[in-house]
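Trainee: Sharing a structure with you now.
The values are calculated or read from the model by the stated rules, or taken from the named source; none is laboratory data. This structure is a prediction, so every number in the text was calculated from the model and none was measured. No Cβ is skipped: glycine too gets one built from the backbone with ideal geometry, and neighbour counts run over all protein chains shown.
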Amino acid sequence: MRRNRATAASPTKMVCYPINAVTTGPPRLTTGTMGVMLPAQVCPTVRYPKAGQVKRRHAGEIVDRGFWFDPHRPVRERRNVMYHSLRRALAVALAVALFAPGVASAQDEASITGTVTDATGLILPGVTVEARDDAGNTQVTFTDGTGQYSFTGLAPGTYEVTFVLPGFNAPAQTVQVSDGTTATASAEMEVGLEERVVVVGTRAQPRSVTESPVPVDVIQTGDFVSQGTTDLANQLRTVVPSFNINIQPISDAATIVRPANLRNLAPDHTLILVNGKRRHRAAVITWLGNGIADGSQGPDISVIPAIAIRQAEVLRDGAAAQYGSDAIAGVMNFQLKDARQGGSLEYRTGAYRDANPGDTSTCGSGVIGDIQHSCNGIGGHGRAYSVAGNAGLPLGPNGFLNLSFEYGNANPTNRSIQRNGAAGIINAGNDNVRNPAQVWGSPLIEDDLKLFGNFGSLFENGLQFYGHTNYASRKVTGGFYFRNPHTRSGVFRGPVVDGMPSLLVGNVGLAEYNRMHGTNDGYMGPSCPAIPIVGNVPDAGALAAVEADPNCFTLYSRFPGGFTPQFGGNMIDYSLVTGLRGFTSTGLNWDASVNIGSTEVDQFIFDTVNASLGYDTPTSFQPGIYGQDDVNLNFDISMPVTDIVNFAAGAEWRNEQFTIGAGGEPSWRIGPYAAQGFSSGSNGFNGYRADTTAGQWSRSNIAVYGDLEFNDPGGRWTFGTAVRLEDFEDFGTTTNGKVSTRYALNEAFSLRAAVSTGFRAPTPGQQNAFNVTTAFIGGELTNQGVVPATSAVAVARGGGQLQPEKSRNYSAGAVVEQGPFTFTADFFRIDIDDRVALTQEISLSEDEIVTLLAEGIPEARNFPVFRFFVNDFSTTTQGVDVISTLGLGSTTVSAVFNYTDTELKNIRSSVIDEFRIATLEQGLPNTRWNFSVNHAADRWRLTTRVSYYGSYWDSEDGRNAADLGEVSLPWLYAPYSGKALLDVELGIPFGAGAELAIGAENLLNAYPDVNPWGAHTVGNQYGQFSPFGFNGAYYYTRVSYGWGG
């Protein structure tokens, strides 16, 4: 028999809930929930009679279609409702006709009344109250909008009164009544969540995970708490094997907002919700990611403090027909805490075991000019700390305000080895070069502040005001590639003279002539000598001659050790969601909401140059700002048509705007020395010009949608269908649908399946943004541009107006639930046509440079290769998810397995080459699993977890190995092998509500396979895209205190 985990109750109960918000359904499962407060007349006092008795209602109450039947009550009870509904209706009609006068005249019957509240005194409507006499006859009623209930017309005797509300517990009470008396039995219910219930994926009543027709993971507070990291994305990676995220070193703005992947698809293939409302996108477009994420623009979930979350729901199925664009890989819904009392505080600190397993880290001995040979990222254990808190407060008599905060800092790590090129310069006697010259590691994170508020209040007329808001900010600083003082083109490297490399020398007089005449032709002024480089040492005499000539200069004189730019950004994110929910007397529920979200990243780069400005170039720059602003207006309705049919519909208007704010002039200026071969713009990341690159682009769309859900009252069969019509102002109309079903073969075993179509519209940023960055291609640093797909240059190479991606999702699975044991296995397949992604790097011809210059892109002479967005391939992603849990008293054992495989199809080779194909197909592990054991004793608790990350192919290491001739083609480079990591945490309570926890992530200090060619190329000792990072073991301590919950 399926258990009702809320509380022990009569096996003959029938639970109903009052109509509520479209997206929340019946009472949610924590204290202080505002989603269920309704006025007195909505929850009728109902007596389900014994044979021949009358089923009574109060005047003006709505009929049964205004209630939802509890999907968690025992299957046998629900069958009874289905099999006897007709007989009950006939019996009621007959009883009313024959016996109503007699019932009305009875004067000696007894009554039981009472009020039900939570532990804070907040009224709880919709609580099922049962009164059972000594003969086992049970009567059922429900608390009204004031939390009150009553039984009338009782025979004298002893009754056991029980109170049932999912997520709450209250002890049964024994009540003695005699003729004509009224007894009181009030209850104070406490939170007691055991059944994992979800609201994502349905607009009808919430359901348990095992009763969902599509696979849903539920991660609760304890799953987040028992980890060393506070970054929500890292926490999800640990507990959800189909979710991946890595460090993203040297990835431009992707280091600031890291891209995450669900089911090995792009970050913007996953829709993020908070309390069921769409979360806005991040401002960052991932120009350099792990290959799979290149060009994506997804939300930033790291701004959500884990301490604010009551539970997270991960819907692993397509849901675009229900929620709109982006819901292809799945949907993540973060439900915020909503208690109106109590709270918690925690402080945690930790560090990695190793400081740098490679070379001893130094900063070099020279301090030249403005570049201080920055020590950012050099050495250190990556020590981090954070403090977080949560508090619930009453908001009037029937409201709550739940506030959360988190603040932290994290020092950088370093897992580099010295590059051979830098080592050769040092060995030749130049001690100005930093050791290591280039850092691979986690970035420096400063002032990481996260604030979240969740609020709601119920008015006497039944209207519910609700909302949530957040503010977050942080500063992130990471490293870039080393600029070799002999070989970096556009800064140090000059022409080949007499077969020898030389330094680039600037001519002041020639620059002035060019400024006046617009050309170098006809210049008759003094020239500057060449400076040959012999044996890794510039010719001393020639260098001295240049330095002595006021008409000549070389940037080598100012930066003899080269330089390594440091790039980062100041991120700000905020949002406000607010709305009203209500109902009508006919049982129709409505929900109107406004959703505003905004984020911006103000980028900076220092320890670099704008070489075209000459010897006196500044070394710190402000390249500009990325911004994203989203506005959503929603109106939803829902209504249980009958006790087995729920209808929902709604409309949505959405506008999203992407902004590129102009950078400081030195970051983009083409200086007077550009005509002599010096590169323009801040080296490593060009700034955004106000007249060309900067701008605002927006798009709005409107959608209407509807769905029907059929639930067999016997609990054996569920069938749902949804359709969504969406119109974009630039793409036109798209229509998508979904069908899902679940069938229980018996009380322990059920089958489920779903088929849906979906879509994802390219973002305004992907359609219009222009960018220049630096990548390591062909054995050297190369500037690469991203031009709009509608640029004439892109169109000539196969570009054009981007179109929405179209997807088809298929899933089928089985569920076993037997006592404390649950097991689910689900197959999935996702076909995506016209997939939006960046092309391979394409060499820019001289004619194309001229075309770009004519289009107003003066940076065209600054990048030899370019990319653009295309729709020119399809993918099939398929695999299986297996989840098993076993409860053994105070011990819980769980095992989770994921296998995902992606294959590209319908490829146009002129824009997608074998390298891009290998990156998209092999860049993330196909196989992941974890096995965990949680044990809670009176005086301690222990969590152990083994996580396995399968083999993966590193695109950058493959390309570097091919450049060295170690493999003939990059995609023939062997994948890195899989690794298993062991996490352990021991918690020891002390005092009232306090706990000390000590733990280790990656206790055994596992590292990825060593990159055998790191020293020969860019100094990365390990693959930069390792799915579990490359920092080794992390040890931490956490002290927490909770009160009043």
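Trainee: Among what's in the range 180-224 and is in a helix (DSSP H, G or I) and farther than 15 Å from Gln335 by Cβ, pick the residue that is modelled with the lowest pLDDT. Give the steps one after another, and end with the answer.
Mentor: Filtering the range 180-224 for residues in a helix (DSSP H, G or I) gives 209-211, 221-224.
The next check asks that each one be farther than 15 Å from Gln335 by Cβ; those that pass are 210-211.
Values: Thr210: 80, Glu211: 84.
Checked the range 180-224; the qualifying residue modelled with the lowest pLDDT is Thr210.
Trainee: Let me ask another. I'd like to know if the range 791-803 contains one or more residues that are touching a His at 6+ places or on another chain (Cβ under 8 Å) and at pLDDT 90 or above. Talk me through it step by step, then tell me what you get.
Mentor: Within the range 791-803, the subset touching a His at 6+ places or on another chain (Cβ under 8 Å) is none.
No, there is no match, as no residue in the range 791-803 is touching a His at 6+ places or on another chain (Cβ under 8 Å) and at pLDDT 90 or above.
Trainee: Which of the residues spanning the range 767-779 are surrounded by 20 or more Cβ atoms within 10 Å (Cβ to Cβ) and either at positive phi or modelled with pLDDT of 95 or more (or both)?
Mentor: Correct list: empty.
Trainee: Hey, does the range 467-479 have a residue that's assigned by TED's automatic domain parsing to the domain that holds Ile425, within 26 Å of Pro864 (Cα to Cα) and buried (at least 19 other Cβ atoms within 10 Å of the Cβ)?
Mentor: Taking the range 467-479 first, the residues assigned by TED's automatic domain parsing to the domain that holds Ile425 are 467-479.
Going one step further and asking which of them are within 26 Å of Pro864 (Cα to Cα), we end up with 478-479.
Narrowing further to those that are buried (at least 19 other Cβ atoms within 10 Å of the Cβ): 478-479.
Yes, that holds for at least one residue.
Trainee: Name every residue in the range 246-277 that is part of a strand (DSSP E or B), touching a residue at least 60 places away in the same chain (Cβ under 8 Å) and touching a helix residue (DSSP H, G or I) at 6+ places or on another chain (Cβ under 9 Å), in order of residue number.
Mentor: Asn261, Leu262, Leu271, Ile272, Leu273
Trainee: Of the residues Gly624, Gly650, Gly664, only one is at pLDDT 95 or above, over 21 Å from Ala511 (Cα atoms) and surrounded by fewer than 20 Cβ atoms within 10 Å (Cβ to Cβ); which? Don't jump to the end; show me each part of the working.
Mentor: Numbers: Gly624 fails: surrounded by fewer than 20 Cβ atoms within 10 Å (Cβ to Cβ); Gly650 fails: surrounded by fewer than 20 Cβ atoms within 10 Å (Cβ to Cβ).
Only one candidate qualifies: Gly664.
Trainee: Just for the range 731-761: of the residues that are closer than 19 Å to Trp653 by Cβ and either surrounded by 17 or more Cβ atoms within 10 Å (Cβ to Cβ) or touching a residue at least 60 places away in the same chain (Cβ under 8 Å) (or both), which one is nearest to the chain's Cα centre (by Cα)?
Mentor: Arg760
Trainee: Looking at the range 803-823, which of the residues that are assigned to a strand (DSSP E or B) and under 24 Å from the mean Cα position of the chain (by Cα) is farthest from Gly732 (Cα to Cα)?
Mentor: Step by step, filter the range 803-823, then rank; the result is Ser811.
Trainee: Among Asp691, Asp707, which is assigned to a strand (DSSP E or B), among the acidic types (Asp, Glu) and either assigned by TED's automatic domain parsing to the domain that holds Phe821 or modelled with pLDDT of 95 or more (or both)? Show your work before the answer.
Mentor: Working: Asp691 fails: assigned to a strand (DSSP E or B).
Exactly one of Asp691, Asp707 is assigned to a strand (DSSP E or B), among the acidic types (Asp, Glu) and either assigned by TED's automatic domain parsing to the domain that holds Phe821 or modelled with pLDDT of 95 or more (or both), namely Asp707.
Trainee: Which residue, of Ala321, Ala312, is buried (at least 24 other Cβ atoms within 10 Å of the Cβ), in contact with a helix residue (DSSP H, G or I) (Cβ under 8 Å, 6 or more places away or on another chain) and touching a residue at least 24 places away in the same chain (Cβ under 8 Å)? Steps first, answer last, please.
Mentor: Numbers: Ala321 fails: in contact with a helix residue (DSSP H, G or I) (Cβ under 8 Å, 6 or more places away or on another chain).
Result of the check over Ala321, Ala312: Ala312.
Trainee: Now, a different point. Keeping to the range 885-899, report how many residues are surrounded by fewer than 16 Cβ atoms within 10 Å (Cβ to Cβ) and either outside any strand (DSSP E or B) or of a type in the set (S, T, N, Q) (or both).
Mentor: Residues flagged as surrounded by fewer than 16 Cβ atoms within 10 Å (Cβ to Cβ) and either outside any strand (DSSP E or B) or of a type in the set (S, T, N, Q) (or both) within the range 885-899 amount to 3.
Trainee: Does Ile272 count as among the β-branched types (Val, Ile, Thr), modelled with pLDDT under 95 and either under 10 Å from the mean Cα position of the chain (by Cα) or within 26 Å of Phe480 (Cα to Cα) (or both)? Reasoning before the result, please.
Mentor: Details: among the β-branched types (Val, Ile, Thr): yes; modelled with pLDDT under 95: no; either under 10 Å from the mean Cα position of the chain (by Cα) or within 26 Å of Phe480 (Cα to Cα) (or both): yes.
No; evaluated as a whole, the condition is false for this residue.
Trainee: Given the criteria of a type outside the set (Val, Ile, Thr), at negative phi and part of a strand (DSSP E or B), does Phe678 qualify?
Mentor: On the way: of a type outside the set (Val, Ile, Thr): yes; at negative phi: yes; part of a strand (DSSP E or B): no.
Considered against the rule, which asks whether it is of a type outside the set (Val, Ile, Thr), at negative phi and part of a strand (DSSP E or B), Phe678 comes out as no.
Trainee: Scan the range 624-642 for residues that are touching a helix residue (DSSP H, G or I) at 6+ places or on another chain (Cβ under 9 Å), farther than 26 Å from Ile660 by Cβ and hydroxyl-bearing (Ser, Thr, Tyr) and jot them down.
Mentor: Within the range 624-642, the first condition is being touching a helix residue (DSSP H, G or I) at 6+ places or on another chain (Cβ under 9 Å), and the residues that meet it are 624, 626, 628, 639-642.
After this cut, where a residue has to be farther than 26 Å from Ile660 by Cβ as well, the list is 639-642.
Within the range 624-642, Thr642 is the sole residue that qualifies.
Trainee: Ok, one more. Here is a list: Val815, Val836. Which entry is in contact (Cβ under 8 Å) with a residue 24 or more places away in the chain and touching a helix residue (DSSP H, G or I) at 6+ places or on another chain (Cβ under 6 Å)? Before the answer, list the steps.
Mentor: Working: Val836 fails: touching a helix residue (DSSP H, G or I) at 6+ places or on another chain (Cβ under 6 Å).
When all the criteria are applied, what remains is Val815.
Trainee: Would you mind stating whether Val967 is β-branched (Val, Ile, Thr) and either exposed (fewer than 15 other Cβ atoms within 10 Å of the Cβ) or part of a strand (DSSP E or B) (or both)?
Mentor: Values: β-branched (Val, Ile, Thr): yes; either exposed (fewer than 15 other Cβ atoms within 10 Å of the Cβ) or part of a strand (DSSP E or B) (or both): no.
Judged against the criteria, Val967 is not a match.
Trainee: When you scan the range 519-543, how many residues do you find that are surrounded by 14 or more Cβ atoms within 10 Å (Cβ to Cβ) and not hydroxyl-bearing (Ser, Thr, Tyr)?
Mentor: 12
Trainee: Working carefully through the options Ile596, Ile531, Ile605, find the one that is of a type in the set (A, V, I, L, M) and touching a helix residue (DSSP H, G or I) at 6+ places or on another chain (Cβ under 6 Å). Full working, then the answer.
Mentor: Working: Ile596 fails: touching a helix residue (DSSP H, G or I) at 6+ places or on another chain (Cβ under 6 Å); Ile605 fails: touching a helix residue (DSSP H, G or I) at 6+ places or on another chain (Cβ under 6 Å).
On inspection, the qualifying residue turns out to be Ile531.
Trainee: Using the structure shown, decide if Asp573 is among the charged types (D, E, K, R), out of contact with any strand residue (DSSP E or B) (no Cβ under 8 Å at 6 or more places or on another chain) and in contact (Cβ under 8 Å) with a residue 12 or more places away in the chain. Spell out how you get there, then give the answer.
Mentor: Details: among the charged types (D, E, K, R): yes; out of contact with any strand residue (DSSP E or B) (no Cβ under 8 Å at 6 or more places or on another chain): no; in contact (Cβ under 8 Å) with a residue 12 or more places away in the chain: yes.
Answer is no for this residue.
A quick yes/no check of all residues on (1) over 44 Å from the mean Cα position of the chain (by Cα); (2) closer than 27 Å to Ile426 by Cβ; (3) in contact (Cβ under 8 Å) with a residue 60 or more places away in the chain:
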position	(1), (2), (3)
Val534	yes, yes, no
Val546	yes, yes, no
Gly561	no, yes, yes
Ser585	no, no, yes
Val594	no, no, no
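Trainee: Can I ask one more? Of all residues in the range 389-405, how many are more than 19 Å from Ala472 (Cα to Cα) and either part of a strand (DSSP E or B) or under 24 Å from the mean Cα position of the chain (by Cα) (or both)?
Mentor: Taking the range 389-405 first, the residues more than 19 Å from Ala472 (Cα to Cα) are 392-400.
Add one more test, that the residue is either part of a strand (DSSP E or B) or under 24 Å from the mean Cα position of the chain (by Cα) (or both), and what stays is 392-394, 399-400.
Total satisfying the criteria: 5.
Trainee: Are there any pairs with C-beta distances below 8 angstrom linking a residue in the range 439-456 that is under 18 Å from Phe1025 (Cα atoms) to a residue that is of a type in the set (D, E, K, R) and buried (at least 24 other Cβ atoms within 10 Å of the Cβ), with the two at least 6 apart or on different chains, and if so which?
Mentor: Trp440/Arg415; Gly441/Arg415
Trainee: Condition check: acidic (Asp, Glu), out of contact with any helix residue (DSSP H, G or I) (no Cβ under 6 Å at 6 or more places or on another chain) and not assigned by TED's automatic domain parsing to the domain that holds Tyr949. Does Asp294 satisfy that?
Mentor: Details: acidic (Asp, Glu): yes; out of contact with any helix residue (DSSP H, G or I) (no Cβ under 6 Å at 6 or more places or on another chain): yes; not assigned by TED's automatic domain parsing to the domain that holds Tyr949: yes.
When the stated conditions are applied, Asp294 passes them.
Trainee: A follow-up question, please. Test each condition in (1) of a type outside the set (Phe, Trp, Tyr); (2) buried (at least 23 other Cβ atoms within 10 Å of the Cβ); (3) over 13 Å from the mean Cα position of the chain (by Cα) for Thr210 and report the one that comes out false.
Mentor: It is condition (2) that Thr210 fails.
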